[in-house]
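The values are calculated or read from the model by the stated rules, or taken from the named source; none is laboratory data. All values reported here derive from a predicted model rather than from experimental measurement. Positions of Cβ are generated from backbone atoms using ideal geometry, with glycine treated the same way; all protein chains shown enter the neighbour counts. Note: accessible area is taken over every heavy atom of the protein model, side chains too, but ligands, DNA and RNA are not part of it. Shrake-Rupley method; radii C 1.70, N 1.55, O 1.52, S 1.80 Å.
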Amino acid sequence: MDISYPPETETFRAGVRAFLADALPPGWRGIGALDEDAAWAFARDWRRRLVERGYLSLTWPERYGGHGLSKLHQVVLMEELARAGVPFGLPQDTFGVKMLANTLLRWGTEEQKSRFLPRILSGEDTWCQGYSEPDAGSDLASLKTRAALEGDEWVIDGQKVWTSGAHHSDWIFVLARTNRDASRHRGISFLLVPLDQPGVEVRPFRMMSGQLHFNEVFFDGARTRADLVVGGVDNGWTVAQSLLGVERGEEAATNPILFRAEVERLVELARRYGKDQDPVIRQRIAWCWSKVEIMRCLGYRILTGWLKGAEPGPESSIAKLYWSEYHTEVTDLAMDIMGLHGQVPVGRPPLRTYRTDDPGAANSSASWSTTYLIARSGTIYAGTSQVQRNILAEKVLGLPREPRASADQEAVRAQP
Ligand SMILES: Cc1cc2nc3c(=O)[nH]c(=O)nc-3n(C[C@H](O)[C@H](O)[C@H](O)COP(=O)(O)OP(=O)(O)OC[C@H]3O[C@@H](n4cnc5c(N)ncnc54)[C@H](O)[C@@H]3O)c2cc1C
């Protein structure tokens, strides 16, 4: 583990800090301190400023509107934004700027890059991720959505589910089966599909937190151009896996900052509810604080490997398991501190549907009780806790692989 940053990134850090000092109003405590409407207005304007400053496309090559800087510059930027309590773009940028743009840069054709990257950056096109299906979540390779070439178009039939933000997206990147004769992982393609067309129906549904976030997406003869396949026909599994690795380094740097700010809010919550002298509560808070410190060290370990160019390995499963399970505990504690008040959500709920509330959040019962519910989903998305434990058991502890279905059973499962 090497936790020092080279001088060129420290110079860059000073530039980011100067920008933040100039751009943020005096007394700024973080976007969490704004009321809901003001926070959304701020977030939209802030995105525009990040684009102007080149921060949303820092690592992209210059010919696509980027600045050609390194991954470490990106990590430094993310750290400073997290510390200042400002977002990196709008929620749907997770799928467009972070996931798809980086995937296109690695796998896309020249035409795909020139067409889509500028529109992702400007915010003209927003994207969502069409991986999971009703019978294909942890076992994603069981997916049944299929696409067939008809002339110069793919025709797509099937269903996706849990599609975050599809109800306000323009496009979806879809994993679809394009070759039924190939093995489960081979005959899948990564397609770019416009959502605004007669063959696509998006049906939103509410999360238990009350937020409207998820959708079912139905494809019934939906169409997209033949050349909108990324990384080659039947090669979608490899493309899909590389997309999942994109964010890991940034998260390793920003998670400890956001979770640390959350523990500080928790201490304040305990004081407010007169629980700061309760020995059991004090012990549980100290436990949370130590867990976040360990998270910081884990983050540095991941970053060190990632910056040396290592592909995400089992250590990213440790990190995912670690923060998501921790987050259920810290939010349990907040609910215990608030007692019955936690059952009556008052104040501003979090804007985020992932992780912690934003820095500066008012410590309201609505913030904590919604975050408590959101925390449960952290153990599911991006690979459930059970799946992470399987990976660790097999790849780190060297335990035998869990039983896999036979080839015959798999062939049956792949039927529509
Ligand atoms: C907040 C949130 C946002 C999401 N956003 C998106 C999105 O934008 N796009 C998208 O495509 N998907 C999205 N998902 C879906 C997510 O990727 C899946 O929920 C996840 O992969 C788990 O799949 P599943 O829900 O089908 O559960 P299943 O895979 O059916 O699992 C059910 C239970 O069985 C356990 N299990 C499964 N297999 C094993 C095994 N081999 N060993 C031990 N236990 C096992 C699981 O851990 C789980 O407890 C999102 C999910 C959440 C919660």
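Quick notes on this one:
- Atom-type composition of the exposed protein surface of region 7-90 places 53 percent of the accessible area on carbon and sulfur (1.4 angstrom probe).
- Taking the longest Cα principal axis of the chain as reference, the axis of helix 110-122 is set at about 30 degrees.
- Spatial separation of Cα centroids for region 269-285 and region 192-247, in angstrom: 45
- Selected from A43, P350, V280, residue furthest toward positive end of dipole (the chain; charges at beta carbon): V280
- Peptide ranges 163-171, 209-217, 343-351 listed from the most packed, as the mean C-beta count within 10 angstrom indicates: 163-171, 209-217, 343-351
- Interchain or long-range residues, amide H under 5 Å from D170's placed H: T126, W127
- The number of Lys pairs in the chain with C-alpha atoms less than 22 Å apart, excluding pairs fewer than 8 positions apart on the same chain, is 14.
- Computed over region 127-278, the convex hull of the alpha-carbon atoms projects to a mean area of 11.9 nm².
- Share, in percent, of DSSP beta bridges within the chain that are antiparallel, nearest 5: 85
- In Hz, Karplus ³J(HN,Hα) per residue of region 257-263 (6.51, -1.76, 1.60; θ = phi - 60°; x = Gly, Pro): 5, 5, 6, 5, 4, 5, 4
- With bins 10 Å wide beginning at 0, the percent of Cα pairs of the chain falling in each bin runs 4, 20, 30, 28, 14, 4, 0, 0.
- Relative contact order (%) - criterion: Cα under 8 Å, at least six apart; region: the chain: 15
- Å² of accessible area per residue within the chain, as computed with a 1.4 Å probe and no ligands counted: 47
- Sulfur and carbon atoms: percent of accessible area, region 211-304 [1.4 Å]: 54
- Once the mean of 1/r is taken over each pair of separate Cα atoms and inverted, region 122-173 shows a Kirkwood hydrodynamic radius of 12.4 Å.
- Over region 88-207, the reciprocal of the mean inverse Cα-Cα separation, the Kirkwood hydrodynamic radius, stands at 15.1 Å.
- Principal-axis tilt of helix 236-245 within the chain, Cα atoms, nearest 10 degrees: 10
- On Cα atoms only, tilt of 71-84 relative to the major axis of the chain in degrees: 40
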